[in-house]
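*Asks:* After the structure tokens below, expect a handful of questions from me.
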């Protein structure tokens with residue numbers, strides 16, 4: 001039974017250059033997410049069958065660590081991803097750009113109450129903005 005989720009340390013750092021009087025924007029973003037862990041409650045009555053000593057749960061050679069009834073499980077390792085982006089202001093109302101996400105192609109997941117939402121690997125997106 002999962003009782004609590006220990007949120008990982010998350011951080012990001014973005015840096016950009018804006019040459020050509022600010023009309024061009026070139027930059028990158030570094031994302032870091034630490035190990036994701038969860039604490040599980042262990043109830044020995046549910047895990048063993050005391051009436052049958054040959055039950056598979058009673059024959060395990062590996063003991064489950066007790067630690068006051070809680071287990072800690074590391075679910076996903078830490079992840080470091082890198083993104084690049086470029087935007088260009090063609091005219092006052094028109095701006096175009098491209099965003100290259102997850103160049104390191106690392107799998108990343110965010111825990112939810114029913115499982116995990118996995119983010120895609122390496123992706124490229126183009127955008128256009130017109131203000132009127």
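The values are calculated or read from the model by the stated rules, or taken from the named source; none is laboratory data. Note that the structure is a prediction, hence the values are computed from the model and not measured. Counting neighbours? That spans all protein chains shown, and the Cβs are built from the backbone with ideal geometry, glycine included.
*Asks:* Could you please tell me which pairs satisfy a Cβ distance under 6 Å, a separation of 6+ or placement on different chains, a first residue in segment 1-29 that is surrounded by 12 or more Cβ atoms within 10 Å (Cβ to Cβ), and a second residue that is at pLDDT 95 or above and part of a loop (DSSP other than H, G, I, E, B)?
*Replies:* 25/18
*Asks:* If you check 84, 94, which single one turns out to be modelled with pLDDT of 70 or more, surrounded by 14 or more Cβ atoms within 10 Å (Cβ to Cβ), touching a strand residue (DSSP E or B) at 6+ places or on another chain (Cβ under 7 Å) and under 27 Å from residue 17 (Cα atoms)? Write out each step before concluding.
*Replies:* Values: 94 fails: surrounded by 14 or more Cβ atoms within 10 Å (Cβ to Cβ).
Going through 84, 94 in turn, just one is modelled with pLDDT of 70 or more, surrounded by 14 or more Cβ atoms within 10 Å (Cβ to Cβ), touching a strand residue (DSSP E or B) at 6+ places or on another chain (Cβ under 7 Å) and under 27 Å from residue 17 (Cα atoms): 84.
*Asks:* Another question about this same structure. For segment 1-34: of the residues being in a loop (DSSP other than H, G, I, E, B) and at pLDDT below 80, which is nearest to residue 97 (Cα to Cα)?
*Replies:* First, the residues of segment 1-34 that are in a loop (DSSP other than H, G, I, E, B): 1, 7-9, 18-23, 34.
Right, trim to at pLDDT below 80 and you get 1, 7-8.
Values: 1: 46, 7: 33, 8: 32 Å.
That would be 8.
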